[in-house]
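Before any comments, here is the structure.
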Amino acid sequence: MENHLIKVRRALISVSDKNGVVEFARALLTHGVDILSTGGTAQLLKLNGIVVTESGLVFGAGGDNQIRAWDSDTGRQLWVSRFGGNFIGSPVMYETGGRQYVLVPASASAARSSGTGTTAPLGWIAYALRTR
């Protein structure tokens, strides 16, 4: 009997029990799966650094202090960048002058408190994206 496996390209994740969903989504990203989500699940995934861009890239910043970019069509990891400190938040995107950038809040050491009960980044690591 032949094995006819189909490559999964996109996954819709919407769950009531969120235990393990971030790890599951990151595992899907490492296999090049685009993630679609809604509501509380989407919010949780965004809070944990899962970003998709119009440029066809998927970004993730992990607890290993590395940010990775994958091609959203092929799932191939395009690059990885290690930061000497700690990534302390989710990547964000912005565009100016027709060029997209991804920024990651980072600190040289453990996150510091801003006095308001929230964590304040010490700085941002910015990456300019290539145009297609």
### Message
Considering only the range 1-16, I want to know if a residue exists there that is over 20 Å from A69 (Cα atoms) and in a helix (DSSP H, G or I).
### Response
no
### Query
For the range 35-57, how many residues are at pLDDT 75 or above and either surrounded by fewer than 18 Cβ atoms within 10 Å (Cβ to Cβ) or of a type outside the set (S, T, N, Q) (or both)?
10
### Query
Name the residues in the range 68-103 that are in a loop (DSSP other than H, G, I, E, B) and over 21 Å from L47 (Cβ atoms), would you?
D73, T74, G75, R76, G84, G97, G98
#### Entry: Residue ID - modelled with the lowest pLDDT, chosen from residues in the range 7-29 that are under 13 Å from the mean Cα position of the chain (by Cα) and loosely packed, with under 13 Cβ neighbours inside 10 Å
A27
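The values are calculated or read from the model by the stated rules, or taken from the named source; none is laboratory data. Remember, predicted model here, so these are calculated numbers, not experimental data. Neighbour counts are summed over all protein chains in view; Cβ atoms, including those assigned to glycine, are modelled from backbone coordinates with ideal geometry.
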